[in-house]
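Let me begin by presenting the structure, written as structure tokens, before commenting on it.
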Amino acid sequence: QNPLTSLEDDVAATRRVLARQDGPAILVGHSYGGTVITEAGDAANVAGLVYVAAFAPEVGQSTLDQYAEVPPPPNFQPDVQPDGFAFLKTETFKAGFAGDTDNANAAFLRDSQVPIAMKALEAKVTTAAWKTKPSWYVVATEDGAIAPELLRSTADRIGAVTTEVKGSHVVFLTQPQAVAEVIEQAAKGVVLGDTAGAPN
């Protein structure tokens, strides 16, 4: 679990886990986690990157800078607290974040939110690992947090092997088999050198 206290802290947490691996690793990032793997993915043992309905900033860009291209959908509404951490508003949580879950799962996700520091979303990356590591991308076609148009343009910009999956922002939860297949494709691709469409 990323601490979500700053981009620096989240990258450090990722690198801490990477340091414990005894072989090549595939980094998978969802949403803001895509920014984290973009920064942390330059580690020598990272063989590939999988972005799941995720951001993938350019060097010098932040997570929030990505929304300059296509604004967030209307139901994605952060509720920023006085201490600079944000939850998603409870009344629009399901529509914006988990539209294809049932009410019970949506309520659990809503009520178990870990708040994120806004400064993490504002921090600009200094490395773009997707420039040197092969990348795969899952576009959630019914995403209510990051517009599908932005997901598609991001995947195209980074040269990722792209798979479209019908699902909300939590596509990994509602379409786990489809997302797992992309991760497996990435793992096999880097082992076999079959990374057509991904950066060299």
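List of remarks:
- Restricted to the stretch 102-117, and to residues there that are touching a residue at least 40 places away in the same chain (Cβ under 8 Å) and of a type outside the set (A, V, I, L, M, F, W, C), the residue that is surrounded by the fewest Cβ atoms within 10 Å (Cβ to Cβ) is N105.
- The stretch 130-154: number of residues that are assigned to a helix (DSSP H, G or I) and within 16 Å of the chain's Cα centre (by Cα): 8
- Tally, over the stretch 13-32, of residues that are closer than 20 Å to T132 by Cα, without any contact (Cβ under 8 Å) to a residue 60 or more places away in the chain and out of contact with any Ser or Thr (no Cβ under 9 Å at 6 or more places or on another chain): 6
- Screening the candidates V59, V50 for the property of being more than 18 Å from L4 (Cβ to Cβ), among the aliphatic types (A, V, I, L, M) and within 9 Å of the chain's Cα centre (by Cα) yields one hit, V50.
Table: residues versus (1) aromatic (F, W, Y); (2) within 16 Å of the chain's Cα centre (by Cα).
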{"residue": "G96", "(1), (2)": "no, yes"}
{"residue": "F108", "(1), (2)": "yes, no"}
{"residue": "A128", "(1), (2)": "no, yes"}
{"residue": "E164", "(1), (2)": "no, yes"}
{"residue": "L173", "(1), (2)": "no, yes"}
{"residue": "A180", "(1), (2)": "no, yes"}
{"residue": "G189", "(1), (2)": "no, no"}
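- Residue within the stretch 45-59 that is surrounded by fewer than 17 Cβ atoms within 10 Å (Cβ to Cβ), in a loop (DSSP other than H, G, I, E, B) and either aromatic (F, W, Y) or free of Cβ contacts under 8 Å to residues at least 24 places away in the same chain (or both) present: no
- Qualifying position, being of a type in the set (A, V, I, L, M) and touching a Gly at 6+ places or on another chain (Cβ under 7 Å), among A43, A25, A54, A19: A54
- Against the numbered list (1) free of Cβ contacts under 8 Å to residues at least 24 places away in the same chain; (2) part of a strand (DSSP E or B), T163 comes up short only at (1).
- Index of the failed condition, P73 passing every other in (1) in a helix (DSSP H, G or I); (2) surrounded by 18 or more Cβ atoms within 10 Å (Cβ to Cβ): (1)
- Some residue of the stretch 180-195 being farther than 20 Å from I26 by Cα and either out of contact with any Gly (no Cβ under 9 Å at 6 or more places or on another chain) or not aromatic (F, W, Y) (or both): no
- R15 out of contact with any helix residue (DSSP H, G or I) (no Cβ under 6 Å at 6 or more places or on another chain), surrounded by fewer than 24 Cβ atoms within 10 Å (Cβ to Cβ) and not aliphatic (A, V, I, L, M): no
- Of residues in the stretch 121-155 being hydroxyl-bearing (S, T, Y), touching a residue at least 40 places away in the same chain (Cβ under 8 Å) and surrounded by fewer than 23 Cβ atoms within 10 Å (Cβ to Cβ), the one farthest from S31 (Cα to Cα): T132
- Residue match in the stretch 86-101 (condition: assigned to a loop (DSSP other than H, G, I, E, B), surrounded by 22 or more Cβ atoms within 10 Å (Cβ to Cβ), out of contact with any Leu (no Cβ under 9 Å at 6 or more places or on another chain) and at pLDDT 95 or above): no
The values are calculated or read from the model by the stated rules, or taken from the named source; none is laboratory data. Everything quoted here is computed from the prediction, not taken from an experiment. Note: ideal-geometry Cβ built from the backbone for every residue, glycine included; neighbour counts use all protein chains shown.
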